[in-house]
Amino acid sequence: MKVFVVLSVLIAFTAAASLTPAELDLAEAFDYEALFSNDEQRKLVFDCILGKAECGDYQKMAEISRKVLESKCADCNASQKAKYEIVLKTIQTKYEPFYNELLKNVAAKKE
Ligand SMILES: *[C@@H]1O[C@H](CO)[C@@H](O)[C@H](O)[C@H]1NC(C)=O
């Protein structure tokens, strides 16, 4: 329980930090379409972003994606913002259960 609290605080703290240009570069270059089209990988990353599973190789990518989502891409430039909106739209239309859980999850972590 104590560990969980510390972890939550840590996650909240990390989430509050803004994205570095290098992180935004990674997010912009990352092929989300390819990831989403792989059922196994998609499930892994979705669970990881929701804090329900180990992230494995996707740790860094999941952290960045989460930060982008939480900040609503506030630090993004025009092309990064365009990509963010496409990815968000894809999640919203094709993976609605995850999208809904994500919104709740992101909101909860901010309190
Ligand atoms: C946004 O930033 C990225 C990475 O620095 C860059 O490649 C891209 O051209 C920029 N886009 C715009 C519209 O400025």
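The values are calculated or read from the model by the stated rules, or taken from the named source; none is laboratory data. These numbers come from a predicted model, not from an experiment. FYI the Cβ positions are ideal-geometry reconstructions off the backbone, even for glycines, and counts take in every protein chain you see. Side chains are part of the model used for accessible areas, which takes the heavy atoms of the whole protein and leaves out ligands, DNA and RNA. Shrake-Rupley method; radii C 1.70, N 1.55, O 1.52, S 1.80 Å.
Structure data summary
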| item | result |
| --- | --- |
| Unmet requirement for Gly51, which otherwise passes all of (1) outside any loop (DSSP other than H, G, I, E, B); (2) of a type in the set (Gly, Ala, Ser); (3) farther than 16 Å from Tyr84 by Cα | (1) |
| Qualifying position, being at pLDDT 95 or above and touching a Cys at 6+ places or on another chain (Cβ under 6 Å), among Tyr99, Tyr95, Tyr32, Tyr84 | Tyr84 |
| Options Ser71, Ser65; residue that is polar (S, T, N, Q), open to solvent by less than 80 Å² (accessible area, probe 1.4 Å) and under 11 Å from Ala27 (Cα atoms) | Ser65 |
| Within segment 26-43, considering residues that are hydrophobic (A, V, I, L, M, F, W, C) and out of contact with any helix residue (DSSP H, G or I) (no Cβ under 7 Å at 6 or more places or on another chain), the one surrounded by the most Cβ atoms within 10 Å (Cβ to Cβ) | Ala34 |
| Hits in segment 44-57 (condition: open to solvent by less than 50 Å² (accessible area, probe 1.4 Å) and under 11 Å from the mean Cα position of the chain (by Cα)) | Val45, Phe46, Asp47, Cys48, Ile49, Leu50 |
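Yes/no matrix, rows are residues, columns are (1) assigned to a loop (DSSP other than H, G, I, E, B); (2) closer than 21 Å to Ser18 by Cβ; (3) within 16 Å of the ligand (Cβ to nearest atom):
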site: Glu28; (1), (2), (3): no, yes, yes
site: Leu35; (1), (2), (3): no, no, no
site: Lys43; (1), (2), (3): no, no, no
site: Asp57; (1), (2), (3): no, no, no
site: Arg66; (1), (2), (3): no, yes, no
site: Ala82; (1), (2), (3): no, yes, yes
site: Leu88; (1), (2), (3): no, yes, no
site: Ile91; (1), (2), (3): no, no, no
site: Glu101; (1), (2), (3): no, no, no
